[in-house]
Amino acid sequence: MDHHLLEVAGTHVSRLEDLRLVTGSGRYASDWNLPGQLHACFLRSDRAHARIVSINAGSARKHPGVMRIFTGADAVAAGHTRPMTILTFKGKDGMQARVPARPALAHERVRCVGEPVAMVVAETALIAQDAAGLIEVEYEELPVVIDPEEALAAGAPQLHDSVPGNLPFEFEAGDAAATAAAFARAAHVTRLKLAVTRVAPNPMEPRACLVAYDAREGSYTVHVHVQGVNMMRKQLAAYTGVAEEKIRVVARDVGGAFGQRSLAYPEYCAQMLAAKELGRPVKWVATRSEGFLTDSHGRANFVSGELALDRDGKFLGLRLDWIADMGAYLTPTGPVSHIRNPSTCLTGVYRIPALYGRWRTVLTNTNPVAAYRGAGRPDIAYVIERLVNQAAAEIGVDPAELRRRNFIPPEAFPYKTPTGSIYENADLPGLLEKALKLADWKGFAQRRRQSETAGRLRGIGISTVIENTGAGLFPKDEVAIEVAADGAVTVYSVSHSQGQGHETTFAMIVAEALGIPTERVRLRQGDEDRPLFGNHTGGSRSTVGAGSACHLAAKKLIEQGKTLAALDLGVEPSQVEYANGTFRARDSQRAITLGDLAGAKAFSATAEGSFSSTFPNGCHIAEVEIDPETGVTEIVSYVAVDDCGRVINHAIVEGQMHGGVVQGAGQVFGEHVVYDRNTGQLMTGSFADYTMPRAGLVREIRMEEHPTPSKVSPLGVKGMGESGCTASLAALTNAVIDALRPLGIHHLDMPLTPARVWGAIQAAKSRFVRK
Amino acid sequence: MTTIEVTVNGVNYSREVEDRMLLVNLLRDELGLTGTHIGCDTSQCGCCTVHVDGRAVKSCSMLAAQANGAEIVTIEGMARNGALHPIQQAFTECHGLQCGFCTPGMIMAVAGLLKDNPDPSDEEIVHGLEGNLCRCTGYINIVKAVKRGAELLCGNGDKSSRR
Amino acid sequence: MYSFHYIEAKSLKEAGDLLAANPDAKLLAGGMTLIPTMKARLAQPSPLVDIAGLGELTGIELGDGKLVIGAATKHHDVATSGVVKKAIPALARLAGLIGDPQVRNLGTLGGSVANNDPAADYPAAVLALGATVITTRREIAAEDYFQGMFATALEPGEIVVRLSFPIPRRAAYAKFPHPASGYAMAGVFIAGTANGVRVAVTGAGPGVFRWPDAEAALAKNMNPAALDALVVAADDLNEDLHAPREYRAHLVKVMAQRAAAAL
């Protein structure tokens, strides 16, 4: 089944969904329209922290074409005030999360720039925009706090009365005393303070939502982008108090998500309010500028890390003090992904006998933070792998060698970490050796000399990582398969692609199980007329969860088919065999195809399964060259050896790896959301200020697979949608620091822009001069 | 209001539009051609790229009125008689798209690039893609797709040495 | 975008009359700066007078030691023009570095020069080459034309018609693009002319400026090493998130050396 190209209607394609998408026939959120629809525009706060004294919408209301203007009072009256949270576990000393209210439209107070203050609903989008410009809001400014450490300090401006100290949740993992003891007997301790910077996920499709209300049924239809319809419905219901069965979520193509599109945003809830009150559908399409302000941000973790080593370079203990900037409100996913994922992988790929981490989530006058590709896993991998590289430099050991000495050995799997995770399997030494060979680790010294001759600084960096893929919000995944009279097979799943290519991967899984051509299988994701139980696509879980359920459903379909076919063939079910789309009576020539069977009787099967985390792992090695004159870094080599378990579609897996690595590279070299410390204004509010990765940033990724199959899934797969991102932050940063280390530079925080690298080189040189 | 006449994908249209209507809104909202996407509001992302009189332009940065009398080609006009355009073909072969949102603009930009330079080097491809952002692919397979598209366009379709 | 009235001008005279009669009127050529600015509701001109199609503003002509380019000529046409490539290859190269391909397909020389964005590329070439800006009313020497950030010598109602570039003996442009916007963070155009060496810097300061020390040093020795000893004062340069002024000052020198090496 290991395909690179499929053939559909005589055309070679990597994926079944491509024919639709390359011809402009995709259907994204803003492509939906309904008869009689109105258009919404949100007036947003231009203050980071202020009391709303008054809102004067008089002239806006009179503007021709304006239907109605909604404000926070309307949201509060309707009870659209409290977003869902999945933070249900207890924190330090039994602490319960303090989840602040967040009315769908800001009420009485704004806490970050961009917060919606009023919603204008009008006959056209332009009229709504014109009218929004006529609304006058009087604010009384309040003190602003942007930096999470400052927000924790005594006397800091307080965001919510219900969250004293701006600390909604504190958590600890590991054993503080044992870790302190390990540090006490350490021969060497390496310390780094690391910023895993705040970034903007920026899927290319801006947010859009179209809500219709059916007064007879009392139900809502919400056309919006999702990562899975169920999670969206659940959140909308929780936020608005509308029963889940009264909300129908409709989505087809989703233009990227990266965790950001798993959330039910306040705007959608405000639109539900308007659609019900006005009795007409209400459409809203965000601009990119609104997206920078209000689409959830990612990462924003500030971590002090310490690694204790013995005389032989064996790791004794790891201690982290982790501050997670959550922005002005808690998102449903943010605090969980920034705590649970890092604590699950707290030991990284190493045997570290003593672990302790303390997490503080903090509220600041900034846009809320949520899961972003990797959701805490790239963050913890970055922290550990930076510490390991720094330790190697400090004790004078080759960073590859230091890893070898401390890897969890293959025979130790399944490995229970000191924080209680059970890593299923991995061959870490094998990964490392394969990557070292592919990267020509031994030849680096010579390449470095060549670069020096050309006046350039060369560096190489490793990162070896493992991560837990998501077990899911819902306890199981359900998939249905239907066969049509012509033999075409339709698969239904909740898991919703945002570019991952489920239509192809799931079709291949079902086609393999049924022994029919992949092109005969069509996937319908999140079909509103075919509700199913199951999880969204997120946390690298879809092939493991829904993919495995596809396999089970296909097997079940065959078994049910045998029973049906037995009647038709006049034999006992045990006498029916199935192969390649046809049921045959053993010992006779009689046979019936899937299609013919379906033509005679409705023929479908539904299967469900519960699938826990898998543990993909990998070793990435990056090599960079820096032009010391300009500080420009060029990635000259990137090697990725990954254990994704069994691979179903190599092209798709490669593509996911490319995308993940480059998203990491984007963060390392350019991306950074910056707020003005004094005013709380967003300084990086457009693509002209926020440096997105562009073509040429990473020219090539040389990849090899090193699978150890997983038993979590009957397919043997491991989740891999986030692996590239998890490994690349540290591999690239380690490479840059390696290049700069001869100058006495041991750490620089991302983004490693030309100006920052050049500035560091200048500062280092002047230190040398002074010495 | 201004009355404009345009040819889009070979079909003539006459519309009375608000002076401030952008070309992209004419295409999407008036003509229902939603294959052209809007990915930003500051002219950087290139999702809205179409051809106006044979040149690749960002339809979010042009007024519909400015296109009066022009011949416009959008992504919907690229495939002919049920067959993909060679550049569309190349993107599907090379896995040059994931979510597909940037893809129509990307394909239109590449069509412009290859028209000016039928056999671009890697460097020229990277320079030629400066006006288009993609968040999913890391661009590696897009660069491959441009090369493959160049091969297919010059009739070298059998040289399918993708790997 | 706010509402406005769009008028496609039939002649330069009509455009001039419309500007004279309407204080809020603005010219539209490529629109690559103006339309995004209007979309952000940062400008509210009306009427918008479209001059992109005026024949009087197009054309690339070579003669009498001068290269004359119409104001409505698009960047792409300058970048790919055989005439420009032959006469002033550095100018064609510069045009090919502006924005991105789609921007070059609409943006115009006259629009860039009239807007005088401090990070635009063209002003460096216009100033270094000692070009003349020819308007509906007069001819303005580059020296007098650029007057700092978004400011020019253009009077209300005056329209740039064409630019006349004296052909240099040699010229080169080196640009360090802003990592997000692609505008020049530092761009240096060096021209070796009959009247000496001229060095113009864009992107680094509040407006395009000449660098006399570099001109003097290169006049003695047209070699990158001639600039080694020079230091660019950072005090008056721009600063933003992406580049402190010291870095910009340094880049000016590095770009000047790279341009000198390419001469």
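The values are calculated or read from the model by the stated rules, or taken from the named source; none is laboratory data. Model, not experiment: these values are computed from the prediction. Counting neighbours? That spans all protein chains shown, and the Cβs are built from the backbone with ideal geometry, glycine included. What goes into the accessible areas is simple: the full protein's heavy atoms, side chains included, and nothing from ligands, DNA or RNA. Shrake-Rupley method; radii C 1.70, N 1.55, O 1.52, S 1.80 Å.
Sorting check: for A:520-530, A:42-52, which peptide has the highest mean count of neighbouring beta carbons within 10 Å, and how do the rest follow? Intermediate values should be presented prior to the final figure.
Details: A:520-530: 19.2, A:42-52: 21.8.
So the order, starting with the most tightly packed, is A:42-52, A:520-530.
Rounded if a/c is under 1.5, else prolate if a/b beats b/c, else oblate: with a ≥ b ≥ c from the C-alpha gyration tensor eigenvalues square-rooted, which is chain A?
Oblate shape, in that a/c is at least 1.5 and b/c is the bigger or equal ratio.
In segment A:275-321, what trypsin sites (Lys or Arg not before Pro) fall in a loop by DSSP, with at most 12 other Cβ atoms inside 10 Å?
A:Arg311
Name the residues of segment A:346-377 whose amide N is less than 19 Å from a point 7 angstrom out from the Cα of A:Lys314 along the C-beta direction?
Answer for segment A:346-377: A:347-356.
Work out, step by step, the length gained on full extension between A:Ala77 and A:Glu123: first 0.36 nm times the residue separation, then minus their alpha carbon distance; give nm to one decimal.
14.1 nm
Exactly which trypsin sites (Lys or Arg not before Pro) in segment C:20-119 are in a DSSP loop and have at most 16 other Cβ atoms within 10 Å? Walk me through the numbers before you get to the answer.
Values: sites: C:Lys26, C:Lys39, C:Arg41, C:Lys66, C:Lys74, C:Lys85, C:Lys86, C:Arg93, C:Arg104; in loops: C:Arg41.
In loop regions of segment C:20-119 (DSSP not H, G, I, E or B), the sparsely surrounded trypsin sites (Lys or Arg not before Pro) are C:Arg41.
To the nearest 0.05, what FRET efficiency results for A:Ser304 and A:Asp46 with a Förster distance of 51 Å applied to their C-beta separation? Please report the intermediate quantities before stating the final value.
Working: r = 35 Å, r/R0 = 0.68.
Result of the calculation: an efficiency of 0.90.
Need the C-alpha centroid separation for segment C:21-51 versus segment A:275-320, integer Å.
Value for the Cα centre distance between the two parts: 39 Å.
Could you give the length gained on full extension between A:His188 and A:Val632, defined as 0.36 nm per residue of separation minus the Cα-Cα distance, in nm? Don't jump to the answer; show the numbers that get you there.
Values: separation 444, 0.36 × 444 = 159.84 nm, distance 3.40 nm.
Stretched fully, the A:His188-A:Val632 segment lengthens by 156.4 nm.
Probe radius 1.4 Å, ligands and nucleic acids ignored: give me the carbon and sulfur share of the accessible area of segment C:1-53 as a rounded percent. Let's see the in-between values first.
Working: 1330 of 2460 Å².
Heavy-atom surface of segment C:1-53 belonging to carbon and sulfur, 1.4 Å probe: 54 percent.
At a Förster radius of 25 Å, what calculated FRET efficiency corresponds to the Cβ-Cβ distance of C:Ala151 and C:Asp24, to the nearest 0.05?
According to the calculation, E is roughly 0.85.
If you wrap segment C:1-53's Cα atoms in a convex hull and average its projection over all directions, what's the area in nm²? Before the final figure, lay out the partial values.
Numbers: hull surface 13.0 nm².
Average of the hull's projected areas for segment C:1-53 equals 3.3 nm².
Could you tell me what percent of the accessible area of segment A:530-645 is made up of carbon and sulfur, with a 1.4 Å probe and every protein chain present?
On the way: 1990 of 4140 Å².
Its accessible area is 48 percent carbon and sulfur atoms.
What residues of segment B:23-40 lose no less than 10 Å² of accessible area with every protein chain in place versus their chain by itself (probe 1.4 Å, heavy atoms only)?
Going by heavy-atom accessible area, the residues of segment B:23-40 that drop by at least 10 Å² are B:Arg28, B:Thr34, B:Gly35, B:His37, B:Ile38, B:Gly39, B:Cys40.
Could you tell me what percent of the DSSP beta bridges with both partners in segment B:1-132 are antiparallel, to the nearest 5?
Taking every DSSP beta bridge within segment B:1-132, about 90 percent pair in antiparallel fashion.
In Å² (nearest 100), what accessible area is buried between C and B, both sides summed, heavy protein atoms only, 1.4 Å probe?
The summed interface area works out to 2200 Å².
Just to be sure I understand the model, the point goes 7 Å from the Cα along the line to the Cβ. What's the resulting C:Ala40 to A:Lys62 distance in nm?
For C:Ala40 paired with A:Lys62, the spin-label model returns 3.2 nm.
Summing both sides, how much accessible area is buried between B and A? Use a 1.4 Å probe and give Å² to the nearest 100.
Numbers: alone 8710 and 28120 Å², together 32640 Å².
The buried area between B and A, both sides summed, comes to about 4200 Å².
Output the residues of segment A:675-706 meeting this criterion: accessible area (heavy atoms, 1.4 Å probe) in the chain alone minus accessible area with all protein chains in place is 40 Å² or greater.
A:Phe687, A:Ala688, A:Thr691, A:Arg694, A:Ala695, A:Arg699
If you take the accessible area of A alone plus C alone and subtract the pair, what total do you get in square angstrom, rounded to 100, with a 1.4 Å probe?
Buried area between the two chains comes out at roughly 1400 Å².
Which of the GluC sites (Glu not before Pro) found in segment A:71-172 are loop residues per DSSP with 13 or fewer other Cβ atoms within 10 Å of their Cβ?
A:Glu108
Check the straight Cα-Cα distances from B:Lys147 and name the lysines below 18 Å, setting aside those fewer than 8 residues away within the same chain.
B:Lys115, B:Lys159
With the other protein chains left in place, how much accessible area per residue, in square angstrom, belongs to the protein assembly as shown at a 1.4 angstrom probe?
For the protein assembly as shown, the per-residue accessible area is 34 Å².
Quick one: length gained pulling A:Ala445 to A:Arg530 fully straight, 0.36 nm per residue minus the C-alpha distance?
The A:Ala445-A:Arg530 span can extend by a further 24.6 nm.
Tell me the label-point distance for the pair A:Ala153, C:Thr80, using the 7 Å Cα-to-Cβ offset, in nm and rounded to one decimal.
5.8 nm
Provide the net charge surrounding A:Ile745, with neighbours chosen by a C-beta distance below 13 Å and charges set as Lys +1, Arg +1, Asp -1, Glu -1.
Neighbourhood net charge equals +2.
Rounded to the nearest 0.05, what FRET efficiency is calculated for C:Lys10 and C:Asp228 with R0 set to 35 Å and r the Cβ-Cβ distance?
My answer for the efficiency is 0.05.
Let a ≥ b ≥ c be the square roots of the eigenvalues of the Cα gyration tensor of segment A:2-118; is it rounded (a/c under 1.5), or, if not, prolate (a/b larger than b/c) or oblate?
Oblate, since a/c reaches 1.5 and b/c is not below a/b.
Classify chain C as rounded, prolate or oblate from the Cα gyration tensor: take a ≥ b ≥ c as the square roots of its eigenvalues, call it rounded if a/c is under 1.5, otherwise prolate when a/b beats b/c and oblate if not.
Since a/c reaches 1.5 and a/b is larger than b/c, the shape of chain C is classed as prolate.
Does any residue of segment C:21-42 lose at least 20 Å² of accessible area with all protein chains in place compared with its chain alone, and if so which ones (probe 1.4 Å)?
When all protein chains are present, C:Met32, C:Ile35, C:Pro36, C:Lys39, C:Arg41 each give up 20 Å² or more of accessible surface.
For chain A, with the dipole built from +1 on Lys and Arg beta-carbon atoms and -1 on Asp and Glu ones, taken about the Cα centre, which of A:Ser343, A:Ser610, A:Ala200 lies farthest toward the positive end?
Positive-most Cα among the choices belongs to A:Ser343.
Quick one: pull the percent of accessible area on segment C:170-262 belonging to carbon and sulfur, 1.4 Å probe, ligands and nucleic acids left out.
For segment C:170-262, the apolar C and S fraction of the accessible surface comes to 51 percent.
Given points 7 Å out from each Cα along the Cα-Cβ axis, report the A:Met683 to A:Arg590 separation in nanometres with one decimal.
8.0 nm
Along the positive direction of the dipole of chain A (beta-carbon charges: Lys, Arg +1; Asp, Glu -1; about the Cα centre), which of A:Ile466, A:Phe183, A:Gly155 reaches farthest?
A:Phe183
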